[in-house]
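The block underneath contains the structure these notes are about, expressed in structure tokens.
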Ligand code: FES
């Protein structure tokens, strides 16, 4: 709050002026020399409550957030896989219980692969096919394998690591 510093400085100056005036009054001939010097009433700045953070209705729970779920294991065919276009990955299960994940961005010219069929990950743009087992090129024009993506499997759900 830019104005609060200015008002505090102003109030501090006012307090000093009050002390000075009191000091003058104590030295004047009007006061009783044996009397206690009058106490200057303290000038306190008006209380300005500190801004407090308002509780947010959308505050996240205290639990750590889970990485996004890609696919349920139950929906992952053995020897096949699923393209998760939103995350640009393809999840495969070349053998029962062996789960793999690759980038779904074709290494030829960057299309997102279209499907997984007959044991290959297939790009619809120019026909490249990649192995569901390791992402290597089965047929071009692509010449480079799909990069592997780290995943975790928990509670029957494949997630990004
Ligand atoms: S972009 Fe996939 S085959 Fe060309």
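Note down the Stokes-Einstein diffusion coefficient of the stretch 69-160 in µm²/s, whole number, using a Kirkwood radius over alpha carbon pairs, 4 °C, and 1.567 mPa s.
103 µm²/s
Sort the following peptides by mean Cβ neighbour count (other Cβ atoms within 10 Å, averaged over residues), highest first: 72-85, 126-139.
Ranked by mean Cβ neighbours within 10 Å, highest first: 126-139, 72-85.
Could you order the peptides 147-154, 115-122 from most to least packed, using the average number of other C-beta atoms within 10 Å per residue?
By packing density, highest mean first, the sequence is 115-122, 147-154.
Let me check against my output: what whole-number percent is the relative contact order of the stretch 69-160, with C-alpha pairs under 8 Å and at least 6 apart?
Relative contact order for the stretch 69-160 comes out at 27 percent.
Set the Förster distance to 35 Å, then compute FRET efficiency between residue 95 and residue 144 from the Cβ-Cβ distance, nearest 0.05.
0.90
Read the figures in this text as sums done on the coordinates, not as results from a lab. Fair warning: this is a prediction, and the values are worked out from it, not measured in the lab. Please note: Cβ atoms are built from the backbone with ideal geometry, for glycine as well, and neighbour counts cover all protein chains shown.
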